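Worksheet: one structure, shown below.
What follows is calculated from the coordinates using simple rules that are stated; it is not laboratory data. Predicted, not measured: the structure shown is a model, and the values here were computed from it. Cβ coordinates were reconstructed from backbone atoms using ideal geometry, including for glycine residues, and neighbour counts include every protein chain displayed.
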Amino acid sequence: MKMKNVVILTLAVAAVVWICGCGGSKKKSDVSRELLEAEEPRVDWQKLPRPSGGLVLSIDSEAITADEIINPVRQQIGEIAAQTDYEQFRGKVKPMLGNVLIQKIGDIRLYEKAKAALPENVDEEIIDKIIEQEIQRFIAQYGGDYAAAEKVLKSMGTTWKDFYQFQRRSLLVQSFISEEIKVDKPVTHSELLEYYNRMKDEYFTKEGQLEFRLIDLEVAKFADANNPGANAEQKAKELAARISERIKNGEDFGELARQYSNDPAAKNGGLWKPIRPGSLAEPYDAIEKAIEKMNIGQVSEPVAKGGHIFIVKLENKQAPSCKTFEQVQGDVEVRMMYENRRKRVDDMMGKIISQVDLSYADGFLEYCTQKAWRDWHVSG
């Protein structure tokens, strides 16, 4: 929530008065000269560009401060400043700040349109009551404690007066937008059905899912360098048969997986993360083929393929599904109306922003760019 204009402008004026002075007097430093001289300088001030241009930019009846333009992209600014010199920084950051400024101006122009659209006989008492309800909701978030809510506002750098103005602004803008994008034509059944078919895969379709435990015996690990004639595959099959028999006799599949499986999931008792049917490549596709014939909780016979012998326990199986249009028609209508509304709002804002001319704001943007560079070097 950006509601610091009054505070920032007041501080800016106070700073100018303090610097210029009323009678040329100087404030005594709170830090001793010895301490200042002993402190290692963090910044080469001679290499930093001096901010020039305006401290604020006046738009209609409002003023935009440099911090309001810098703060939304301060993190990106820091990342760029850490890797570039000033000229490179300026080339990247100034257009970025210009985009923020355009959006800010667009918001102001939208608010001006909202105010202009108010009927002459608008009932201010009704507006005040609605805003008072929003204020009470805000206080209720902090247990109904007025002082606690006020403390939060102060931590945000704002006041109850600014909070009231923000709520009034939001109310007028939302009312204006609702009126501007209001559509009297009802949505038809065929339009809803067409929209459902476009969005069903994303919102209403669930992919199938398989969850299983696996004991994977790699044949190559049964080779014996001291006995080249031994049949590694035969040894693996014999062990698989013994493990299968032990499972049938009630031994825990997970414990046997930890003891014998060569699969990375062995440490988790052979439990794999859920997979989508058809996603396993050879030779592991043999696992899925075995699962096709199994019920949840069943254990397969040993399956040999591609140098592996698999024993699989099916933990869960979920078939793919899709909700029908009749099941979700209400949801489809809500989503369609929301998407259409958002598009109309975007179009309206796009027209407002397209009319913004930043040629007169170049000095302010230059100032913001220089301030962002200096701020990063001082704080970084």
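Just a few scattered comments:
- Filtered residues of the range 340-361 (kept if in a helix (DSSP H, G or I) and in contact (Cβ under 8 Å) with a residue 24 or more places away in the chain): Asn340, Arg341, Arg344, Val345, Met348, Met349, Ile352, Ile353, Ala361
- Top-ranked residue in the range 234-292 [being among the hydroxyl-bearing types (Ser, Thr, Tyr) and outside any helix (DSSP H, G or I); ranked as nearest to the chain's Cα centre (by Cα)]: Ser279
- Yes/no for Asp285 being free of Cβ contacts under 8 Å to residues at least 24 places away in the same chain and of a type outside the set (Phe, Trp, Tyr): yes
- Residues in the range 76-98 that are exposed (fewer than 14 other Cβ atoms within 10 Å of the Cβ) and not aliphatic (A, V, I, L, M): Gln76, Glu79, Gln83, Asp85, Glu87, Gln88, Gly91, Pro95.
- Residue pairs whose Cβ atoms lie under 6 Å apart, sitting 6 or more positions apart in sequence or on different chains, and linking a residue in the range 260-274 that is surrounded by 19 or more Cβ atoms within 10 Å (Cβ to Cβ) to a partner that is assigned to a helix (DSSP H, G or I) and not aliphatic (A, V, I, L, M), are Ala266/Arg258.
- Hits in the range 122-155 - residues which are loosely packed, with under 14 Cβ neighbours inside 10 Å and either part of a loop (DSSP other than H, G, I, E, B) or in contact with a Pro (Cβ under 6 Å, 6 or more places away or on another chain) (or both): Val122, Asp123, Gln141, Gly143, Gly144, Asp145
- Ala372 meets each of the listed conditions (1) touching a residue at least 12 places away in the same chain (Cβ under 8 Å); (2) under 24 Å from Arg109 (Cα atoms) apart from (2).
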